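A short worksheet on the structure shown next.
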Amino acid sequence: MALMDKHKVKRQRLDRICEGIRPPILNGPLHPRPLVALLDGRDCTVEMPVLKDVATVAFCDAQSTQEIHEKVLNEAVGALMYHTITLSRDDLDKFKGLRIIVRIGSGFDNVDIKAAAELGIAVCNVPASSVEETADTALCLILNLYRRVTWMHQALREGTRASSVEQIREVAGGAARIRGETLGIIGLGRAGQAVALRAKVFGFSVIFYDPYLPDGVERSLGLQRMLTLQDLLMHSDCVSLHCSLNEHNHHLINDFTIKQMRQGAFLVNTARGGLVDEKALAQALKEGRIRGAALDVHETEPFSFSQGALKDAPNLICTPHSAWYSEQASVEAREEAAGRCAELLKDASQTV
C-alpha cells in the first residue's frame, strides 16, 4: 500500500510539473510524422530537405491565424515564421498541439513569449543570420542621408538640370562631409557592433549606449560608451537604432527624446518599428529638428506612404523591412531555423 502511495505521489508531482504542457510528440513506425507549418510563407524548398526525416512540412502563407487552415491549427506540432505574422495569446490558444515555434530571423516581438511559456511552447530564433545585411543596409541609409543620393536621383528623374555649379549646388543642397561626424548607436549587439566597425572606416567617431553590455567591450572595439541615453542623444550627429523591442523601450524615440537630440541630427532605424513614435518623428522632420530620417521598419507594416503619420514628412527614406534580406542570408536563416526545429522535435520525441 505504501508503495502504491509512493507511486501516486510521484505521478501527482509529475502532473504538476507538466501542467500547461502540450500533448507529447509521438514519432516512429507506429505514428505519423508530426506536422510542421511555415505560417507566413509558401516556399518550403529549403526547409523540406532539413525536416524530411522527422516531420511533414506544410505552408500557410498567412498574415493572421484567421487565414490558417483548421488542420494546421489542430495538428501542427511545430511552426516556422518570419516577421509578417503576429502570435498573441489568443492566437496561440488556437493551436491545439503546438510545441515549437522557430522565428526565421532575430527578435521575438511578434510572439507572446510569456503566453507561449505558460502553454508549454518552446520559442527560439536565428539571431545571427542577417547581421551583415542589416549592418550594410544601416550604413547605406546613413551614407544616403549624408550624401543625399536618393534626393539627387529623384531630382534628375523629375527633369531637374544640373549643368552649372549653381544648379549642382542647389540639387546637392544639404549634402554633408562624413569624416569627423559622431554616430551614436543605441544597442551594441551583433548588428550594432557590425555597424560601428563599418562606420569607423568612413571616418565617423562612434559612440554607443547599451546598459546591458559588460564593461570593457568599448575598449576592444575602440568606441566610446555613453552612460545614459540622454548623453548619447546630445552628442550624436546621427543616431542609429539596433536594439530589440520590449515593453520598456516602446517609443524610445519620442517627442521628449527627440528634443534631447542635436538640432538637425539624422535618425536611422533598422531594428524595430515600435522603437520610434512616428507621429513625433514626422513633426520633427517638418520643423527641421531632425534633418533627415531613414526607416526600414515601421509601427504599422506593411508600410505605405499613402497613409499614416509619415505620409507628408519631408527628408525621409523608407524601405519595406528588408534590411535583413539577401539571397544568401535568407537561405542560411531558413536552413538554421529548420535545423533547430528538427533538433527540438527529436529531443521532444525522445523524452516521451
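The values are calculated or read from the model by the stated rules, or taken from the named source; none is laboratory data. Everything numeric in this text was worked out from a predicted model, so none of it was measured. Neighbour counts run over all protein chains shown; Cβ positions are idealised from the backbone, glycine included.
Go through the stretch 98-119 and give me each residue that's outside any strand (DSSP E or B) and not hydrophobic (A, V, I, L, M, F, W, C). If the condition is that a residue be outside any strand (DSSP E or B) and not hydrophobic (A, V, I, L, M, F, W, C), then ARG99, GLY105, SER106, GLY107, ASP109, ASN110, ASP112, LYS114, GLU118 are the ones that fit. Taking the stretch 120-195 and the helices (runs of 4 or more DSSP H) fully enclosed by it, the elements with 3 or more residues that are touching a residue at least 40 places away in the same chain (Cβ under 8 Å) and more than 23 Å from PRO211 (Cα to Cα) are at 131-147.
For the criterion of being β-branched (Val, Ile, Thr), assigned by TED's automatic domain parsing to the domain that holds ARG147 and surrounded by fewer than 20 Cβ atoms within 10 Å (Cβ to Cβ), THR300 passes. Kindly check whether there is at least one residue in the stretch 90-104 that is within 19 Å of the chain's Cα centre (by Cα) and surrounded by fewer than 19 Cβ atoms within 10 Å (Cβ to Cβ). No, there is no match, as no residue in the stretch 90-104 is within 19 Å of the chain's Cα centre (by Cα) and surrounded by fewer than 19 Cβ atoms within 10 Å (Cβ to Cβ). Summed over the stretch 216-240, the residues that are of a type in the set (Asp, Glu) and buried (at least 18 other Cβ atoms within 10 Å of the Cβ) give a count of 2. With respect to (1) surrounded by fewer than 20 Cβ atoms within 10 Å (Cβ to Cβ); (2) in a helix (DSSP H, G or I); (3) small (Gly, Ala, Ser), the lone exception for ALA309 is condition (2).
Can you name the residue in the stretch 31-52 that is in a loop (DSSP other than H, G, I, E, B) and modelled with pLDDT under 95 and, of all such residues, is farthest from the chain's Cα centre (by Cα)? Within the stretch 31-52, the match that is farthest from the chain's Cα centre (by Cα) is PRO32. Taking into account only those residues within the stretch 305-350 that are more than 19 Å from SER130 (Cα to Cα) and among the basic types (Lys, Arg), which is nearest to the chain's Cα centre (by Cα)? Looking at residues that are more than 19 Å from SER130 (Cα to Cα) and among the basic types (Lys, Arg), I get LYS311.
Out of ILE258, ILE207, one residue alone is touching a residue at least 12 places away in the same chain (Cβ under 8 Å), in a helix (DSSP H, G or I), within 23 Å of the chain's Cα centre (by Cα) and farther than 30 Å from ILE113 by Cα. It is ILE258. Only residues that are in a helix (DSSP H, G or I) and over 22 Å from ALA284 (Cα atoms): list them for the stretch 220-255, please. Hits for the stretch 220-255 are SER220, LEU221. Within the stretch 137-154, the set of residues being surrounded by fewer than 17 Cβ atoms within 10 Å (Cβ to Cβ) and in contact with a helix residue (DSSP H, G or I) (Cβ under 9 Å, 6 or more places away or on another chain) comprises LEU143, VAL149, THR150.
The rows are residues; the columns are (1) under 24 Å from ASN315 (Cβ atoms); (2) acidic (Asp, Glu); (3) not assigned by TED's automatic domain parsing to the domain that holds ARG340.
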{"site": "ILE142", "(1), (2), (3)": "yes, no, yes"}
{"site": "GLU166", "(1), (2), (3)": "yes, yes, yes"}
{"site": "ILE178", "(1), (2), (3)": "yes, no, yes"}
{"site": "GLY189", "(1), (2), (3)": "no, no, yes"}
{"site": "PHE208", "(1), (2), (3)": "no, no, yes"}
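Of the residues making up the stretch 216-230, not a single one is of a type in the set (Lys, Arg) and in contact (Cβ under 8 Å) with a residue 60 or more places away in the chain.
Looking only at the stretch 277-301, residues that are free of Cβ contacts under 8 Å to residues at least 40 places away in the same chain and either more than 14 Å from the chain's Cα centre (by Cα) or farther than 21 Å from GLN193 by Cα (or both) come to 17 in all.
A search for C-beta distances below 6 Å between a residue of the stretch 44-69 that is outside the structural domain of GLU335 (by TED's automatic domain parsing) and any residue that is charged (D, E, K, R) and surrounded by 14 or more Cβ atoms within 10 Å (Cβ to Cβ), counting only pairs 6+ apart in sequence or on different chains, returns nothing.
Rundown of residues vs (1) closer than 20 Å to GLY339 by Cα; (2) of a type in the set (A, V, I, L, M, F, W, C); (3) part of a strand (DSSP E or B), yes/no style:
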residue	(1), (2), (3)
GLN63	no, no, no
VAL72	no, yes, no
GLY78	yes, no, yes
ASP91	no, no, no
LYS96	no, no, no
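None of SER244, SER236 is hydroxyl-bearing (Ser, Thr, Tyr) and closer than 25 Å to ARG179 by Cα except SER236. Consider the stretch 74-89 and keep the residues that are farther than 18 Å from ALA333 by Cα and surrounded by 18 or more Cβ atoms within 10 Å (Cβ to Cβ). The one that is farthest from the chain's Cα centre (by Cα) is GLU75.
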